[in-house]
Amino acid sequence: MDLQEFNSAPEDRLRPLLAACCDVPRWVDGLLAARPYGDAAALTATADKGLRELDAADVDRALAAHPRIGDRAAGASTEAAWSRNEQSGVGDDPDVRAALAAGNREYEERFGRVFLICATGLSAIQMLTSLRERLTNDETAEAAVVHEELRKIALLRLAKVVA
């Protein structure tokens with residue numbers, strides 16, 4: 001949809017699309033409340049500001065909607081389709097997929113949450129390298145990285161909503 005349609009669409013039509021970008025109701029509410037936007041840059045700036053203001057509970061909620069790297073999101077939802085596309089670089093190499101699965105388990109044991117990375121444009125090896133590097137982070141550093149990765153994903157997805 002274009003920006004004019006986004007500005008005039010009923011909230012109940014936009015809410016699921018925005019939640020597929022970042023499933024945090026107060027972020028979605030903030031974007032809807034700030035309409036109309038004069039241009040795409042204003043929408044992006046408002047979205048980005050709201051994403052930077054997410055707290056730890058918001059990030060945890062948003063993470064619950066993301067599959068593990070290497071898992072193929074099931075279903076016909078917008079979010080599942082975006083996830084499959086974003087993770088297309090994982091490929092089908094069984095050794096890499098096994099290494100990602102093992103890394104995901106180790107990450108989840110260490111940090112208690114799914115490993116999140118903005119996978120768009122990354123190869124499986126790049127994702128695996130990042131996963132291994134991030135396993136060396138302390139909790140505070142990793143929480144900041146996760147927040148930033150979530151922000152990047154949400155902004156990329158928002159650009160798909162308003163093209």
**Report entry** Average accessible area per residue (Å²) across the chain - probe 1.4 Å, nucleic acids and ligands excluded
**Finding:** 50
Query raised in the report: Residue farthest toward the positive end of the dipole of the chain, with Cβ of Lys/Arg at +1 and Asp/Glu at -1: which of 16, 63, 126?
Result: 16
Report task. Using only the alpha carbons, work out the radius of gyration and Dmax of the chain in angstrom. Result -> 16.3, 49
Requested in this report: Please provide three numbers in whole Å: the alpha-carbon extents of the stretch 1-55 along the principal axes, with the largest listed first.
Outcome: 31, 22, 15
Requested in this report: Return the carbon/sulfur percentage of the accessible area of the stretch 112-163, one whole number, probe 1.4 Å, all protein chains in place.
Outcome: 60
**Report entry** Cα-centred dipole magnitude for the chain, charges only on beta-carbon of K, R (+1) and D, E (-1), debye, nearest 20
**Finding:** 220
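The values are calculated or read from the model by the stated rules, or taken from the named source; none is laboratory data. From a predicted model like this one, the values you see are computed outputs, not experimental measurements. Methodologically, a virtual Cβ is constructed for each residue, glycine included, from the backbone with ideal geometry; neighbour enumeration extends over all protein chains shown. When the accessible area is computed, the model is the full protein with side chains, heavy atoms only, and any ligands, DNA or RNA have been set aside. Shrake-Rupley method; radii C 1.70, N 1.55, O 1.52, S 1.80 Å.
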